[in-house]
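What follows is one structure encoded as structure tokens, with my remarks underneath.
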Amino acid sequence: MSEKKASNEMWGGRFASGPAAIMEAINASIGFDKKLYAQDIAGSLAHSEMLAEQGIIAKADQEKIAHGLNTILSEIEAGTFVFSTKLEDIHMNVESRLAELIGPAAGRLHTARSRNDQVAVDFRLWTKNELTRTAEALKGLIAAFLDKAEAHAATVMPGFTHLQTAQPVTFGHHCMAYVEMFGRDLSRVRDAIERLDESPLGAAALAGTGFPIDRHRTASALGFREPTRNSIDSVSDRDYALEFLSVAAICATHLSRLAEEIVIWSTPQFAFVRLSDQFSTGSSIMPQKKNPDAAELVRAKTGRINGHLVGLLTVMKGLPLAYSKDMQEDKEAVFDAAETLDLMIAAMTGMVGDMTINTDAMKRAAGSGFSTATDLADWLVREAGLPFREAHHVTGRAVAMAEAQKKGLEKLSIEDLRSLNPAITEDVYSVLSVNNSVKSRKSFGGTAPAEVKRQIRYWRKRLAKA
């Protein structure tokens, strides 16, 4: 049978001739939706088994269908299956080949379903599988951060606001900030799976079907929690694709912020971290250069994922219910975003484990910029009984004095400090070192090494159950 004739027969009698070349090019999706082959075949197997169980098709026909579908699966996985653009999409390519393999029995497979609910179930299955993969990848990234945080729970570094030195923190505490971020990403992934875990199969074109199908059976066979509850929504909904892209965009933003910090920290001006040659490149002209290209590419790829989210939001924003061909534009965005996010998480997990921490450079920087000024103000409130606003004013004068003398707060003499407020005693020096500063931050979620270790223990237990 020629491809042209096969195409016409699949459409039925409505069209007397094949589509024009331009229509064929714009209409065909097989170039990308062939990625759904495993889900399409799984959905067809579950559907045919249900049809036979319900007495809608003969058991003998179902057995032929199952054998044919499994043969096609083997052909695709072996790379011998020939995909045809004239057959538009993965569904028609599979069905056409099934007819070649088993004859008229293949025509019974499409009983009580439409390509509308077929593609919806395929895409949901694929997205659910990809979200599950993303969850595992995020767990690996979180675990890498926990290891790094544990090793550096007491390593002091400057904490920043406005990229200006603010207060001393520990590098372990900084790492745990990313654990919290990626932990929320993991939670969003789990929530997205929960929301999409409904099977649209059996909604047919948009109105359901008059055949006595069992949608709960097919939903269970495909690993869904339950079937969808509205046939119109079932075929016109792409919330799960939008949510996947939204989750991916938020996660990519977190990855990009981390990448930016790695880029900054690896400069000679900071020298906080060093990446190995595995995650760096050199310059074609400057032999001294070691560029954090992997981090820069993670940062850049975030724009790609954000673009996919905006693109699909724009596709969906004006579509009336139920199905419109516009929705064919959903898959390339999600497929590319998924591959991009997978690569970004893998690269960042590798970089976190790979980077060497320059503890000396971090400690030197932690004491710069009068980073213990807030500790002085707190001491004045706690020990001298000053209102915080007055303590803030006194501390500001102390910073100005230290700046004029070109020394740190801890280097000011007791006489200088007492000239600012006579209540200041020698005990004030106990809070002016960066080590004592971080140790004092014992509030829940604070930077004190003991508190950092407590949060690490919490997250290790949580991750084991995730």
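The values are calculated or read from the model by the stated rules, or taken from the named source; none is laboratory data. Please read all numbers here as calculations on a predicted model, not as lab measurements. We place every Cβ from the backbone using ideal geometry, glycine too, and count neighbours over all the protein chains shown. These accessible areas exclude ligands, DNA and RNA; they are computed on the full protein's heavy atoms, side chains included. Shrake-Rupley method; radii C 1.70, N 1.55, O 1.52, S 1.80 Å.
Out of all the residues in the stretch 176-195, is one or more in contact with a Gly (Cβ under 8 Å, 6 or more places away or on another chain) and either in contact (Cβ under 8 Å) with a residue 60 or more places away in the chain or buried (at least 23 other Cβ atoms within 10 Å of the Cβ) (or both)? Give the steps one after another, and end with the answer.
As a first pass, look at the stretch 176-195 and keep what is in contact with a Gly (Cβ under 8 Å, 6 or more places away or on another chain): none.
No, that holds for no residue.
Pick from 133, 124, 97: which is over 30 Å from residue 361 (Cα atoms), outside the structural domain of residue 240 (by the TED database), modelled with pLDDT of 95 or more and of a type in the set (D, E, K, R)? Outline the logic, then answer.
On the way: 133 fails: outside the structural domain of residue 240 (by the TED database); 124 fails: outside the structural domain of residue 240 (by the TED database).
97 is the lone residue from the list that is over 30 Å from residue 361 (Cα atoms), outside the structural domain of residue 240 (by the TED database), modelled with pLDDT of 95 or more and of a type in the set (D, E, K, R).
Are any residues in the stretch 379-395 open to solvent by less than 40 Å² (accessible area, probe 1.4 Å) and either part of a helix (DSSP H, G or I) or touching a Lys or Arg at 6+ places or on another chain (Cβ under 8 Å) (or both), and if so, which ones? Give the steps one after another, and end with the answer.
We begin by selecting, within the stretch 379-395, every residue open to solvent by less than 40 Å² (accessible area, probe 1.4 Å); these are 379-380, 384, 386, 391, 394-395.
Hits for the stretch 379-395 are 379, 380, 384, 391, 394, 395.
Taking the stretch 208-242 as the search range and keeping residues that are under 25 Å from residue 52 (Cβ atoms), among the charged types (D, E, K, R) and outside any loop (DSSP other than H, G, I, E, B), which one is most open to solvent (accessible area, probe 1.4 Å)?
217
How about the stretch 205-233: which of its residues are within 17 Å of residue 123 (Cα to Cα) and in contact with a strand residue (DSSP E or B) (Cβ under 8 Å, 6 or more places away or on another chain)?
Residues satisfying the conditions are 218, 219, 222, 224, 225, 226, 227, 228.
I'm told residue 346 meets every condition in (1) surrounded by fewer than 17 Cβ atoms within 10 Å (Cβ to Cβ); (2) over 30 Å from residue 129 (Cα atoms); (3) in contact (Cβ under 8 Å) with a residue 60 or more places away in the chain except one. Can you identify the failing condition by its number?
Going through (1) surrounded by fewer than 17 Cβ atoms within 10 Å (Cβ to Cβ); (2) over 30 Å from residue 129 (Cα atoms); (3) in contact (Cβ under 8 Å) with a residue 60 or more places away in the chain one by one, residue 346 breaks only (2).
Just to check your reading of the model, which residue among 324, 371 is of a type outside the set (Asp, Glu) and surrounded by fewer than 17 Cβ atoms within 10 Å (Cβ to Cβ)?
Values: 371 fails: surrounded by fewer than 17 Cβ atoms within 10 Å (Cβ to Cβ).
Result: 324 is the single residue among 324, 371 that is of a type outside the set (Asp, Glu) and surrounded by fewer than 17 Cβ atoms within 10 Å (Cβ to Cβ).
If I filter the stretch 53-63 for residues that are at pLDDT 95 or above, closer than 30 Å to residue 354 by Cβ and of a type in the set (D, E, K, R), do I get at least one hit? Working first, answer last.
Going residue by residue through the stretch 53-63, those that are at pLDDT 95 or above are 53-63.
Add one more test, that the residue is closer than 30 Å to residue 354 by Cβ, and what stays is none.
Scanning the stretch 53-63 turns up no residue that is at pLDDT 95 or above, closer than 30 Å to residue 354 by Cβ and of a type in the set (D, E, K, R).
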